[in-house]
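Take a look at the structure set out below.
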Amino acid sequence: MEAQRIEKNIMDYETVALDDENSALLILDQTKLPGKAEIICLTTGQEIHEAIYLLKVRGAPAIGVAAAFGIYLLAKGIAAQDFDPFYEEFVRQKEYLNSARPTAVNLSWALNRMEQVCLQNKGKSISEIKELLKNEAVAIKEEDIRVCRAIGENGLRLVKPGDGILTHCNAGQLATCKYGTATAPIYLGQERGYNFRVFADETRPLLQGARLTAYELLSSGVDVTLICDNMSGAVMRNGWVNAVFVGCDRVAANGDVANKIGTSVVAAVAKRYHVPVYVCAPTSTIDLHTPSGAEITIEQRPAHEVTQMWYQEPMAPEGVKVFNPAFDITDHDLIAGIVTEYGVAREPYTESLAEIFRKKQKL
Ligand code: MRU
């Protein structure tokens, strides 16, 4: 385990990595940021499940990559040499990891992709299947980097140098393997001298915007201003925001989007002030099997995250009722575009998202 004050730039750390030699999943513990960069080493199903549930690794794409490496490592530890008992244990472990968080589709997407590797190679030896599982997990990680960069290029065409951009939660590099999704246009713009002015919502209750987004943008030299969640109306009314870029955890077939709690409020305010809202979504986050936001399961989280966590002492009366959904649904009519690695989908989303997938299949 490596625990240290942050000396190198946070952007030089890998969010998720495989240490195959030691049969371990390495993650940058995001609950310790911005104070400390601690790489933790996970080897058991329970440790991986807990790291996902406790948001030590978080953000839809990063969760997907962690789950892919995780299930590979768990599969590697299965002793069975015949396919049926191997597969039975694989599915048990897969379902356990999948139960860690319900909203981000990347978790089940990555695990299903890994399961397909088993099923498609049923005739091969178990050691060959294990090797193929490793290759698939590595491919999922490499794809994430390419996809985020492509989202960045597509998103950058929607804004111009000097623009003000508001973002909510952390859909940054820390939520992916590089670039982030909502931050990818910002990072590419930074490389090209766009001089964006970014407003980062702090994102109560878990403060992903303050602890992670503000931190990684500041470390990268981006002009970032941290605001409380209830300030987005003020900055938009002042005319300081030209576009909102957010990430997502699941996009339904009709374009409704599940993202961090508070996104729908930002989108409603943005509509009031004629600011376009762009949702940055790798196709791995688009779930055409879910017709609309009404069918998306919203994760409910413990009360102490609202009343106490991140405070030195409780900031609410003991026993108060708390409602703590981790995500909300932004209705598709509040969204100006869904930025994918294959281009930008616009209303009507049922058609444009299906078209994005046709494009993906052709390539
Ligand atoms: O609860 P979290 O921190 O995992 O929520 C993360 C978000 O809502 C992100 O915006 C989303 O996963 C996209 S990350 C590229």
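The values are calculated or read from the model by the stated rules, or taken from the named source; none is laboratory data. Not measured: the values here are computed from a predicted model. Neighbour counts run over all protein chains shown; Cβ positions are idealised from the backbone, glycine included.
Computed quantities for the displayed model
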item: Residue within the range 231-240 that is among the aromatic types (Phe, Trp, Tyr) and either under 13 Å from the mean Cα position of the chain (by Cα) or not in a strand (DSSP E or B) (or both) present; result: yes
item: Selection count where residues are in contact with a Ser or Thr (Cβ under 8 Å, 6 or more places away or on another chain), of a type in the set (A, V, I, L, M) and farther than 12 Å from ALA51 by Cα, scope the range 14-39; result: 1
item: Search result, residues across the range 316-335 that are surrounded by 19 or more Cβ atoms within 10 Å (Cβ to Cβ) and in a loop (DSSP other than H, G, I, E, B); result: ALA326, ILE335
item: Condition met for GLN312 (modelled with pLDDT under 95, assigned to a helix (DSSP H, G or I), more than 13 Å from the ligand (Cβ to nearest atom) and farther than 18 Å from THR167 by Cα); result: no
item: Unique residue being assigned to a loop (DSSP other than H, G, I, E, B), within 26 Å of VAL269 (Cβ to Cβ) and either among the β-branched types (Val, Ile, Thr) or away from the ligand (no atom under 14 Å from the Cβ) (or both) when the list is GLY162, GLY193; result: GLY162
item: Flag if ALA139 is without any contact (Cβ under 8 Å) to a residue 24 or more places away in the chain, more than 26 Å from SER264 (Cβ to Cβ) and not in a helix (DSSP H, G or I); result: no
item: Which numbered condition PHE327 fails, given (1) touching an Asp or Glu at 6+ places or on another chain (Cβ under 8 Å); (2) over 18 Å from GLY247 (Cβ atoms); (3) among the aromatic types (Phe, Trp, Tyr); result: (2)
item: Condition met for VAL244 (in a loop (DSSP other than H, G, I, E, B) and buried (at least 23 other Cβ atoms within 10 Å of the Cβ)); result: no
item: Condition broken by ASN22, with the remaining ones in (1) touching a Lys or Arg at 6+ places or on another chain (Cβ under 9 Å); (2) in a loop (DSSP other than H, G, I, E, B) satisfied; result: (1)
item: Long-range neighbours under 8 Å by Cβ, at least six apart or interchain, first residue touching a residue at least 24 places away in the same chain (Cβ under 8 Å) and more than 18 Å from VAL91 (Cβ to Cβ) within the range 58-76, second within 11 Å of the ligand (Cβ to nearest atom) and among the basic types (Lys, Arg); result: ALA60/ARG250; ILE63/ARG101
item: Which listed residue, of PRO205, PRO282, is touching an Asp or Glu at 6+ places or on another chain (Cβ under 9 Å), farther than 27 Å from GLU142 by Cα and either acidic (Asp, Glu) or within 13 Å of the ligand (Cβ to nearest atom) (or both); result: PRO205
